[in-house]
1. Tell me which residues, restricted to region B:71-103, are at pLDDT 95 or above and part of a loop (DSSP other than H, G, I, E, B).
2. Hey, residue A:66 hits all of (1) closer than 20 Å to residue B:101 by Cα; (2) more than 10 Å from chain B (Cβ to nearest Cβ); (3) open to solvent by 40 Å² or more (accessible area, probe 1.4 Å); (4) not hydrophobic (A, V, I, L, M, F, W, C) but one; which does it fall short on?
3. Looking at region B:30-66, which of its residues are in contact (Cβ under 8 Å) with a residue 24 or more places away in the chain and in a loop (DSSP other than H, G, I, E, B)?
4. Could you please find all residues in region A:1-25 being within 12 Å of chain B (Cβ to nearest Cβ) and either surrounded by fewer than 16 Cβ atoms within 10 Å (Cβ to Cβ) or not in a strand (DSSP E or B) (or both)?
5. Of (1) loosely packed, with under 14 Cβ neighbours inside 10 Å; (2) without any contact (Cβ under 8 Å) to a residue 12 or more places away in the chain; (3) within 27 Å of residue B:40 (Cα to Cα), residue A:82 satisfies all except one. Which?
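The values are calculated or read from the model by the stated rules, or taken from the named source; none is laboratory data. Fair warning: this is a prediction, and the values are worked out from it, not measured in the lab. In this analysis, Cβ positions are derived from the backbone assuming ideal geometry, glycine residues included, and neighbour counts consider all displayed protein chains. Accessible surface is based on the protein model in full, side chains and every heavy atom, while ligands, DNA and RNA are left aside. Shrake-Rupley method; radii C 1.70, N 1.55, O 1.52, S 1.80 Å.
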Amino acid sequence: EAGVTQSPTHLIKTRGQQATLRCSPISGHTSVYWYQQALGLGLQFLLWYDEGEERNRGNFPPRFSGRQFPNYSSELNVNALELEDSALYLCASSSRFSGNTIYFGEGSWLTVV
Amino acid sequence: QKEVEQNSGPLSVPEGAIASLNCTYSDRGSQSFFWYRQYSGKSPELIMSIYSNGDKEDGRFTAQLNKASQYVSLLIRDSQPSDSATYLCAVNIGNSGYSTLTFGKGTMLLVSP
């Protein structure tokens with residue numbers, strides 16, 4: 001069974017540009033979570049989508065946004081990129097039967113120059 | 001701000017020893033607790049979950065939970081060099097139904113041959 005898949009693996013953008021990251025959850029999982037892991041910092045919760053709806057949002061500015069599609073895949077958009085947005089962006093998924101257990105993808109490395 | 005606290009380490013142990021990793025959390029209402037392992041440059045992988053007070057064993061790993069003290073720990077018996085990684089404690093924090101996992105910053109474990 002395929003795990004959580006993310007694309008692209010690496011992305012280099014210029015300050016002020018927009019970045020789009022994509023995630024496909026484990027088959028049967030309806031919830032998708034996005035986390036940011038900047039160098040030297042812990043995992044910071046960004047967004048939680050379930051059944052197409054945004055359920056919770058972390059302490060990030062509105063230029064971080066996303067959506068979940070009918071097939072439960074998701075994308076994260078970061079507008080007006082800043083240098084400090086450079087980080088590993090991790091997507092995770094869970095099913096309604098697994099409680100709060102979440103499983104991570106391999107992540108997308110975003111570098112803003 | 002509801003938090004999850006871990007000693008950043010590094011915790012150094014010789015091969016074959018027991019490694020003890022600790023975590024405290026601030027939200028008394030938390031019900032779900034997880035340990036993830038993260039190798040450098042990789043995404044976190046789930047090791048164990050624990051929901052009830054006491055011990056839970058899985059192979060060389062034992063998770064211990066004490067809700068009264070708001071404390072969760074992970075013991076790794078017969079530590080191997082391949083166990084060298086950062087161990088992340090995660091706790092569900094927030095209102096039931098809309099809670100998400102909050103991660104500690106992790107403890108780096110180094111197992112020397």
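1. Passing the criteria: B:77, B:78, B:79, B:80, B:84.
2. Tallying (1) closer than 20 Å to residue B:101 by Cα; (2) more than 10 Å from chain B (Cβ to nearest Cβ); (3) open to solvent by 40 Å² or more (accessible area, probe 1.4 Å); (4) not hydrophobic (A, V, I, L, M, F, W, C), residue A:66 fails exactly one: (3).
3. B:30, B:31, B:32, B:39, B:40, B:44, listed by residue number.
4. Hits for region A:1-25 are A:3, A:4, A:5, A:9, A:10.
5. (2)
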